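The values are calculated or read from the model by the stated rules, or taken from the named source; none is laboratory data. Everything numeric here is computed off the predicted structure, so don't read it as measured data. Heads up, the Cβs are rebuilt from the backbone with ideal geometry, glycines too, and the neighbour counts pull from every protein chain shown. Protein only, heavy atoms only, side chains kept; ligands, DNA and RNA dropped before computing areas. Shrake-Rupley method; radii C 1.70, N 1.55, O 1.52, S 1.80 Å.
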Amino acid sequence: MIRTRVLNIAAVLLCLHAIFYTVGLYNYFNFYMSGTVYRASFFGFLLIVLYLAKEREDERTGQIKKKAAGWADYFFLLIGIVPVGYYVFFNHRLLDEFTKGSASTLSIVMFLLLVASIFEGARRLIGWVMPILAALFILQFTYGSYFPGILNQANFGLKYTVSKLFTGTQGIWGMPLDVASTVVMVFIIFSQMLIITGGGKFFIDLAIALMGRFRGGPAQSAVLASAFFGSLSGSPTANVVGTGVITIPLMKKIGYRPEFAGGIEAVASNGGQIMPPVMGSVIFLMADFTGIGYAAIVVAAILPALLYYIAAAAQIDLEAAKQKLKAVDPAEIPKLSAVLKDGWHFFIPFIALVVMMVYFQMSPSMSAIISMVILFLVTLHRKEQRITPRKLYQVLAESGKMMPIVGVSVAVAGITIACISSAGLGFKISSLLVDLSGGSFLFLLLLAALASFIMGLGLSVTPAYIMLAILVAPTMVQFGATELSAHLFAVYWGIASFITPPVAMASFVAAGIAKADPMKTAMVSMRLGIATYVVPFIFIYHPDLLLGQGNNASGMLYFLFACFAVYAFAVASVGYLFRHVALWERAVWGVISILLIIPEIISSVVGLAAFAAMMFYMYKTRKSSISVEDETAVAGSLKTGG
């Protein structure tokens, strides 16, 4: 009982600490706190929450794991909290060690203790991959002469390593923790406030009210709801659980196969990580890595994200037509007018959030705090939505408990970034990838995609992006890709692992809800989420697709061609347009989709003409029958999800 109370209090203080620092309340009371001292003290609260938690949600699987209190919890908390206190109280002296590039013996001991605590926390929450990589980079940075090949370098020594990673403003206390302790923390609080006031339910109900009456309505509702909710949640698996428990049963009820219903939800939820304006918090890290403003990234990411969802929606619609599925029973669809009457005011804080960040160029964290105040005010008129002191305490406690997985991830990433950048290892890795590509940009992109996919295996979105941003994106930029397109490429391929076997965690969680075969669900997810794999290549070769980064008119024109391309692929994939599509017709539609995405105007025009011709042909022959061989093929594809 005492442990639970301390845990909740620490979680609340963690959130309040972030809010007070962001709004400048400490300075108002003449209590000046440097950025590194704030981040260290924030991390101290975070360690308390991490090691006192009796249960946690595994972000990779969405499962709640319980554990009993043990001596290991208190031991790793102790060896973590003591070095944090040491850094906070002796910060000025430690900054001198950082300037000199030589840490004291006591600082070395404190660093080793803190790293042990961080690595253990990371192991518990995100697995072994990041801690092992970070440990290897620390060893390579310190004793580089003992490593082979491109890892070989002069020894920096332990004193210099500790000064870079612990006593100064880099390493553990660097940019990733800065973003997480301010922007990410505040947005987590905002999303929890939205959920507890009923805003999350409102947007799901709104999606069902808007799309439920159409063919394949529940599936389209899942796409719409997950696009919104997933952008805030920061976790594809959490999004699947949050929206899938409502949308998947509805999809199955109107006739979607269980694996198809699960696949739809997995793809829709995964897309939240690339959907502006929040993009699961990745966008804020991207702004720091690239130096490109938040508003510019939001605008640039819109068209690729729309393509992702258009590709999924087109396949969903054609699948519904193919299976002759009906809309949801009108009695089960909430009335749009009633939904809007109950929750229209939830739009206000979101409009305010976007306006403040994009138009007034306010910081994301301050914009989110003001939006929280607005959300508090607009819900006062309804008793069931009103944020009472009890609800506020619950919001802060739950928000604080969600932070450790992000906090330890960025702390480990900060160590890795400092080692790679200080040793010049990033340039060596980039050069190696360029050499392996043999001078072929396409082959380099394929290597980058493979590397991004592998690094994304088993990692949550935030740490996966951080690793890719420092190891993969610079290589593409060196080869000629624009800075923003390279980072977005890494994000798209980094999240691909959530719907792609062998990991496919979003798909497997959705399969559990749908009571479907996990591997079949993952295969359907791959097909529905084809844009995850293709769209990154499109905006690399045609960066105008990223609005504001080139010729916007050209970007909009290419977006139009790309919309036709993904629809052509949907026809080829599902095998239906007005009627069942013969095998040779599916092949033609596949060729048309390729012609439309090639970044050449001639091929696009030819593809568009072929698209129109095939559309006319399919309509005119909509009542014709197909051959026995093709019927057999179609029947086979129905069984396998094709």
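Restricting attention to the stretch 166-225 and to residues that are open to solvent by less than 10 Å² (accessible area, probe 1.4 Å) and either part of a loop (DSSP other than H, G, I, E, B) or free of Cβ contacts under 8 Å to residues at least 24 places away in the same chain (or both), the residue that is nearest to Cys419 (Cα to Cα) turns out to be Gly174.
Table: residues versus (1) modelled with pLDDT of 90 or more; (2) touching a strand residue (DSSP E or B) at 6+ places or on another chain (Cβ under 7 Å); (3) closer than 30 Å to Gly121 by Cβ; (4) of a type outside the set (A, V, I, L, M).
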residue	(1), (2), (3), (4)
Met362	no, no, no, no
Met366	yes, no, yes, no
Ile374	yes, no, no, no
Val378	yes, no, no, no
Pro389	yes, no, no, yes
Leu396	yes, no, yes, no
Met402	no, no, yes, no
Ala411	yes, no, yes, no
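State whether the residues of the stretch 278-290 include one that is more than 21 Å from Ile466 (Cβ to Cβ), open to solvent by less than 10 Å² (accessible area, probe 1.4 Å) and either modelled with pLDDT of 90 or more or assigned to a helix (DSSP H, G or I) (or both). Looking through the stretch 278-290, none of the residues is more than 21 Å from Ile466 (Cβ to Cβ), open to solvent by less than 10 Å² (accessible area, probe 1.4 Å) and either modelled with pLDDT of 90 or more or assigned to a helix (DSSP H, G or I) (or both). The residue list Ala368, Ala352, Ala338 contains one member that is among the aliphatic types (A, V, I, L, M), within 19 Å of Asp205 (Cα to Cα), open to solvent by less than 60 Å² (accessible area, probe 1.4 Å) and assigned to a helix (DSSP H, G or I), which is Ala338. Checking Met251, Met275 one by one, the residue that is among the hydrophobic types (A, V, I, L, M, F, W, C) and either under 15 Å from Ala207 (Cα atoms) or free of Cβ contacts under 8 Å to residues at least 24 places away in the same chain (or both) is Met251 and no other. The lone criterion from (1) assigned to a helix (DSSP H, G or I); (2) of a type outside the set (Phe, Trp, Tyr); (3) surrounded by fewer than 24 Cβ atoms within 10 Å (Cβ to Cβ) left unmet by Gly550 is number (1). Tell me whether the stretch 550-557 contains one or more residues that are closer than 22 Å to Val491 by Cα, touching a helix residue (DSSP H, G or I) at 6+ places or on another chain (Cβ under 6 Å) and modelled with pLDDT of 90 or more. Checking the stretch 550-557: at least one residue is closer than 22 Å to Val491 by Cα, touching a helix residue (DSSP H, G or I) at 6+ places or on another chain (Cβ under 6 Å) and modelled with pLDDT of 90 or more. Regarding the stretch 256-264, can at least one residue be identified that is farther than 10 Å from Ala514 by Cβ and among the acidic types (Asp, Glu)? No - not one qualifying residue is present in the stretch 256-264.
When the stretch 10-34 is filtered for residues that are farther than 23 Å from Ala368 by Cβ and among the β-branched types (Val, Ile, Thr), nothing remains.
Does Ser497 fit the bill of being under 15 Å from Met130 (Cβ atoms), free of Cβ contacts under 8 Å to residues at least 60 places away in the same chain, touching a Phe, Trp or Tyr at 6+ places or on another chain (Cβ under 9 Å) and of a type in the set (S, T, N, Q)? Considered against the rule, which asks whether it is under 15 Å from Met130 (Cβ atoms), free of Cβ contacts under 8 Å to residues at least 60 places away in the same chain, touching a Phe, Trp or Tyr at 6+ places or on another chain (Cβ under 9 Å) and of a type in the set (S, T, N, Q), Ser497 comes out as yes. Restricting attention to the stretch 79-110, the residues that are surrounded by 17 or more Cβ atoms within 10 Å (Cβ to Cβ), over 14 Å from Gly168 (Cα atoms) and of a type in the set (S, T, N, Q) add up to 0. Residue count for the stretch 114-158 satisfying the condition of being open to solvent by 60 Å² or more (accessible area, probe 1.4 Å) and over 17 Å from Ile420 (Cα atoms): 2. For the stretch 296-311, the count of residues that are open to solvent by less than 10 Å² (accessible area, probe 1.4 Å), more than 23 Å from Pro218 (Cβ to Cβ), out of contact with any strand residue (DSSP E or B) (no Cβ under 7 Å at 6 or more places or on another chain) and among the small types (Gly, Ala, Ser) is at least one. Only one of the numbered conditions (1) part of a helix (DSSP H, G or I); (2) on the phi > 0 side of the Ramachandran plot is not met by Phe578, and that is (1).
Every residue, every condition in (1) at pLDDT 95 or above; (2) β-branched (Val, Ile, Thr); (3) farther than 30 Å from Val509 by Cα, yes or no:
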position: Arg39; (1), (2), (3): yes, no, yes
position: Asp58; (1), (2), (3): no, no, no
position: Gln63; (1), (2), (3): no, no, no
position: Ala68; (1), (2), (3): no, no, no
position: Val115; (1), (2), (3): yes, yes, yes
position: Ile118; (1), (2), (3): yes, yes, no
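Among the residues examined, Val571 does not qualify as open to solvent by 20 Å² or more (accessible area, probe 1.4 Å) and either part of a helix (DSSP H, G or I) or not hydroxyl-bearing (Ser, Thr, Tyr) (or both). Determine if the stretch 594-616 includes at least one residue that is closer than 28 Å to Ala222 by Cβ, aliphatic (A, V, I, L, M) and crowded, with 20+ Cβ neighbours inside 10 Å. Checked the stretch 594-616: at least one residue is closer than 28 Å to Ala222 by Cβ, aliphatic (A, V, I, L, M) and crowded, with 20+ Cβ neighbours inside 10 Å.
A search for C-beta distances below 9 Å between a residue of the stretch 404-424 that is in a loop (DSSP other than H, G, I, E, B) and any residue that is open to solvent by 10 Å² or more (accessible area, probe 1.4 Å) and at pLDDT 85 or above, counting only pairs 6+ apart in sequence or on different chains, returns Gly424/Gln153. When restricted to residues that are within 30 Å of the chain's Cα centre (by Cα) and open to solvent by 60 Å² or more (accessible area, probe 1.4 Å), the stretch 574-593 contains 0. For the stretch 386-403, a residue qualifies if it is assigned to a loop (DSSP other than H, G, I, E, B), open to solvent by 20 Å² or more (accessible area, probe 1.4 Å) and not basic (Lys, Arg), and exactly one does: Thr388. Looking at the stretch 253-261, can you tell me whether even one residue there is open to solvent by less than 10 Å² (accessible area, probe 1.4 Å), outside any loop (DSSP other than H, G, I, E, B) and under 29 Å from Ser371 (Cα atoms)? No: the stretch 253-261 contains no residue that is open to solvent by less than 10 Å² (accessible area, probe 1.4 Å), outside any loop (DSSP other than H, G, I, E, B) and under 29 Å from Ser371 (Cα atoms).
When every residue of the stretch 47-56 is checked against the conditions, none turns out to be within 21 Å of Gly171 (Cβ to Cβ), at pLDDT 90 or above and open to solvent by 30 Å² or more (accessible area, probe 1.4 Å).
Can you list the helices (runs of 4 or more DSSP H) found entirely within the stretch 438-542 that contain at least 2 residues being open to solvent by 20 Å² or more (accessible area, probe 1.4 Å)?
441-456, 473-479, 483-495, 505-514, 518-528, 530-541
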